Amino acid sequence: MTTISIVSNPKIFGGKPIIAGTRISVELVLDLLSAGWTYDQIRSDYDLKKEELQAALDYARKAVAMTKVIPL
C-alpha cells in the first residue's frame, strides 16, 4: 500500500496544500465535490488514484477537526 501525501510548497499555488507529485490542490477537490462532481468524474478527468482523492479528503477533514470555534 502506497502512502499518498498532501504537501505544501510556497512556489505552487502560494503554498496551498496539494496532492504530492501533482498540481491538484485540496481546495480544487473540495470545489469539484461541492459543485456536484462524483469521485469517478474527478478521478477520470484529473487522472487521480482513489488513494490520492482519499488523501485530499482526509487532509480536509483533519483541517476542519483542528478548527476551534470561539463564541463571540
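For an R0 of 25 angstrom, estimate the FRET efficiency from the Cβ-Cβ distance between Lys16 and Leu72 and round to the nearest 0.05.
Details: r = 28 Å, r/R0 = 1.13.
After rounding, the FRET efficiency stands at 0.35.
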Here the longest stretch of the chain that holds no trypsin sites (Lys or Arg not before Pro) in a DSSP loop having at most 11 other beta carbon atoms within 10 Å is 24-67
For the range 6-61: relative contact order, % (alpha-carbon pairs under 8 angstrom, 6 or more apart): 30
For the chain, what is the charge dipole size about the Cα centre, in debye to the nearest 20, if Lys and Arg each add +1 at the Cβ and Asp and Glu each add -1 at the Cβ? 300
Taking the range 1-44, which chymotrypsin sites (Phe, Trp or Tyr not before Pro) meet the DSSP loop condition and have no more than 16 other C-beta atoms within 10 Å? Trp37
In the chain, how many lysine pairs have Cα atoms under 25 Å apart, counting only pairs 8 or more places apart or on different chains? 8
If you take every residue apart from Ser8 with its C-beta less than 14 Å away from the C-beta of Ser8, what net charge results, scoring Lys and Arg +1 and Asp and Glu -1? +3
Go through the range 39-54 residue by residue and turn each phi into a ³J(HN,Hα) via Karplus (6.51, -1.76, 1.60, θ = phi - 60°); whole Hz please, and just put x for glycine and proline. 4, 5, 5, 5, 4, 6, 5, 10, 6, 9, 7, 3, 5, 5, 5, 5
Run the numbers for Lys62 and Glu27: contour at 0.36 nm per residue of separation, minus the present Cα-Cα distance, in nm. 11.2 nm
For the range 59-66, Karplus couplings with θ = phi - 60° (6.51, -1.76, 1.60), whole Hz, Gly/Pro x: 4, 4, 4, 5, 5, 5, 4, 7
Would you indicate which of [x] 1.28; [y] 1.18; [z] 1.61 is the value of Cα Rg over 2.2 N^0.38 Å derived from the coordinates of this structure? [y]
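Values in this text are rule-based calculations from the coordinates and carry no lab data. In this text, all values refer to a predicted model and were calculated from it rather than measured experimentally. When we count neighbours, we look across all protein chains shown, and the Cβ atoms used for this are built from the backbone with ideal geometry, even at glycine.
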